[in-house]
Amino acid sequence: MKNRKRKWIEGLAVAMVRAMNVSGIPQTRTVLYSRLWLRPGIPWTISALAEATSLDRASVREHLSNFPEGHLVRTDEGFSLTPAGDRKAYELTVTFYRAIGQHDRQQLRRFFSTKYAGQFPMRKQAEFIVDLDRCTRRLSHPIALRTVLNAMDLMGPRGTQFSLAEMVNATAYSYQAVHKVMQEMVKSGHVRKSGRTYSVTTKGRLLLVTLFFSTVRRADMRMLRILFEMLLFHNPPLK
C-alpha cells in the first residue's frame, strides 16, 4: 500500500478520535450501543459482544449494567436494545458524526451513500467505525499516544516542530493528556524535544508503520474490502 494512502487512513483515524473527544460521548458505551443497534432484534451474549468489540467480558458486563433503565432488555438468548435504546444509539451516532471535520464527514457520507444506496448507509458507516475501533482497541500502545504521534506525522514534513498547543488543537485531548503523552514518547525515543517544541523521530515513524499493519492484520475480510474500496474511491486511478 502506498504511503500516501496509508497516511489518508491514519488521518481519518485521527479525525475520528478527535470527533470522539469533541463530542464528549463515552467511547466504550457508545461502541456497545452501536453493536446492539446494528443487529436489531437479535440478542447478543456477553461473549459475543466481547469478541465483536475486543473488550473483555468483565468490561462488557459492567458497561451493560450501567445502561439507563429502559434501554436494554435481557432474555435467555442475550441482550438487545429497546426502542428507547435504539433512539439513544442513533443520537450517539449522530452526535459523533457531527463532530467529525466537514471534509472527512463528506468523504465518508459520499462513499457509503454511493456504495450502500438504499441499504441503510448510515448503519453501514457506523458498522465500519465500530469495526475500526475493534481493530485498534488492543494494540500495544495507548490510543492517545498513537493519535498524537499520528497527528504530528501527518501535519508537516519530516523534522517539523510542533508545540503542545498545536497537538491539543489537532486531537482535542486536554493539555495535560498531551503533555503526558509527549513525555512518554520523548522518554521512549519516538519524539524529540527541542525547547518547547517536539518532532517525530525515525523510530516514531517506524512505530506508526508497525501499528498500521498491526491494525490491518486484525481486520476481517469484509472490513479489508471496504478499506480497499474506500482507497479507490478517495484516490481514483489515473486514466
- Query: Which of the residues that make up the range 105-127 are part of a helix (DSSP H, G or I) and polar (S, T, N, Q)?
  - Reply: Gln106, Gln107, Ser113, Thr114, Gln125
- Task: Might you let me know whether the range 3-14 holds any residue that is touching a helix residue (DSSP H, G or I) at 6+ places or on another chain (Cβ under 7 Å), modelled with pLDDT of 90 or more, within 19 Å of Arg98 (Cα to Cα) and outside the structural domain of Val148 (by TED's automatic domain parsing)?
- Result: yes
- Can you work out which of the residues in the range 128-146 that are more than 10 Å from the chain's Cα centre (by Cα), part of a helix (DSSP H, G or I) and in contact (Cβ under 8 Å) with a residue 40 or more places away in the chain is surrounded by the most Cβ atoms within 10 Å (Cβ to Cβ)? Arg146
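Being touching a helix residue (DSSP H, G or I) at 6+ places or on another chain (Cβ under 8 Å), of a type in the set (Gly, Ala, Ser) and not assigned by TED's automatic domain parsing to the domain that holds Val17 is the requirement here; does Gly189 meet it? First the steps, then the outcome.
Working: touching a helix residue (DSSP H, G or I) at 6+ places or on another chain (Cβ under 8 Å): yes; of a type in the set (Gly, Ala, Ser): yes; not assigned by TED's automatic domain parsing to the domain that holds Val17: yes.
In short, yes.
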- Can you tell me which residue among Ser163, Ser194, Ser188, Ser199 is of a type in the set (Ser, Thr, Tyr), surrounded by 15 or more Cβ atoms within 10 Å (Cβ to Cβ) and farther than 30 Å from Arg123 by Cβ? Ser199
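Scan the range 167-194 for residues that are among the hydroxyl-bearing types (Ser, Thr, Tyr) and either touching a residue at least 60 places away in the same chain (Cβ under 8 Å) or in a helix (DSSP H, G or I) (or both) and jot them down.
Passing the criteria: Thr171, Tyr173, Tyr175, Ser188.
The values are calculated or read from the model by the stated rules, or taken from the named source; none is laboratory data. Keep in mind that what you see is a predicted model, and the values were worked out from it rather than measured. Neighbour counts are summed over all protein chains in view; Cβ atoms, including those assigned to glycine, are modelled from backbone coordinates with ideal geometry.
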